[in-house]
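What follows is a set of notes on a single structure, which appears directly below.
The values are calculated or read from the model by the stated rules, or taken from the named source; none is laboratory data. Fair warning: this is a prediction, and the values are worked out from it, not measured in the lab. A quick note on method: Cβ atoms are made from the backbone with ideal geometry, for glycine too, and the neighbour counts reach across all protein chains shown. Note: areas computed on protein heavy atoms with side chains; ligands, DNA, RNA excluded. Shrake-Rupley method; radii C 1.70, N 1.55, O 1.52, S 1.80 Å.
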Amino acid sequence: MSDMSGRTTIVVGASRGLGYGIATAFAAAGAPVIAVARSAMDFQAPANGAGSISPEVADAGEATVPATLIDEYEPEVVVLVAGATPHMRPLQEQTWETFSVNWETDVRITFHWLREMLLKPLRAGSRVIVVSSGAVLAGSPLSGGYAGAKATQRYLTSYARGEARRAGLDITFTTVLPRFAPMTGVGLPAVRAYAARAGTSTDDFVNQIGPVLTPQIAGAALVDLVRADATTVASDYQLDGTGLQKLS
Ligand SMILES: NC(=O)c1ccc[n+]([C@@H]2O[C@H](COP(=O)([O-])OP(=O)(O)OC[C@H]3O[C@@H](n4cnc5c(N)ncnc54)[C@H](OP(=O)(O)O)[C@@H]3O)[C@@H](O)[C@H]2O)c1
């Protein structure tokens, strides 16, 4: 288990939800964290005085942003968790614009950042975590093109892993597929929509999905993943209220 102090960590999508939990967990573990999001962010300094969190207000989907921030902060850890909230409607009630919102946000951000991390390249020993979704495993009929976009993030991460290996770059690329986290921007509309479709209350729906994933659990799990020896790290993990489970 390695200490996180000095391991500069960029969390893309840190102003709320899972990303906020991840940014605060890395700071509490001692890392200097750069928290990226479009809206203003207000972070408390870690209570244990360990790491730090510096907000960077930026649209992570803009082509120039990844190179600017990677050059400025020279990160050893990058977590891509930013994403749009899908338009929770059945197919016939989607428009092309609502159907492709996660392609235009989640996939665009992943594409630009993975490219830059390979081109720079990040220093040897670096870790990259891309947050996809459990929806990739079974589809999500009420989320438009969400499951397809999240599957593309997983493919892009595996392509980056292959390119890093071909180029002899010691960078570890990992995909994490969270299950429902009901108290977050993407999770709450999703559990409400699937509860309504199942004809149950949101509380009953959440109670039947098992241990609930929270931003704090996500943060602690990803810190442990980055602290683990890279040779023991799998390519893909599912993430729920019990933590990470290897998928491959
Ligand atoms: N919550 C779940 O149940 C669940 C399940 C599976 C997968 N996921 C995935 O986990 C990730 C986080 O979900 P969440 O529920 O925590 O979402 P959330 O609460 O809506 O937070 C999304 C974060 O992404 C940031 N963001 C969005 N577009 C951005 C952009 N263009 N540039 C920079 N930052 C941007 C938002 O900040 P600004 O708006 O301030 O920019 C915010 O900090 C998403 O990729 C989601 O698909 C979530």
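Key figures
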read-out: Selected residue (only one of LEU91, LEU137, LEU122 is away from the ligand (no atom under 16 Å from the Cβ), open to solvent by 30 Å² or more (accessible area, probe 1.4 Å) and modelled with pLDDT of 95 or more); value: LEU91
read-out: Residue in the stretch 151-161 that is touching a Pro at 6+ places or on another chain (Cβ under 6 Å), without any contact (Cβ under 8 Å) to a residue 24 or more places away in the chain and open to solvent by less than 70 Å² (accessible area, probe 1.4 Å) present; value: no
read-out: Residues located in the stretch 103-128, provided they are assigned to a helix (DSSP H, G or I) and more than 14 Å from ALA60 (Cβ to Cβ); value: TRP103, LEU118, LEU119
read-out: Qualifying residue in the stretch 52-72 (condition: crowded, with 21+ Cβ neighbours inside 10 Å and closer than 16 Å to GLY219 by Cα); value: yes
read-out: Total residues in the stretch 94-104, condition within 16 Å of the ligand (Cβ to nearest atom) and open to solvent by less than 40 Å² (accessible area, probe 1.4 Å); value: 3
read-out: The stretch 1-33, residues that are open to solvent by 10 Å² or more (accessible area, probe 1.4 Å) and either within 15 Å of the ligand (Cβ to nearest atom) or hydroxyl-bearing (Ser, Thr, Tyr) (or both); value: SER2, SER5, THR8, GLY13, SER15, ARG16, GLY17, LEU18, TYR20, THR24, ALA25
read-out: Condition broken by TYR146, with the remaining ones in (1) touching a Pro at 6+ places or on another chain (Cβ under 8 Å); (2) more than 13 Å from the ligand (Cβ to nearest atom); (3) open to solvent by less than 30 Å² (accessible area, probe 1.4 Å) satisfied; value: (2)
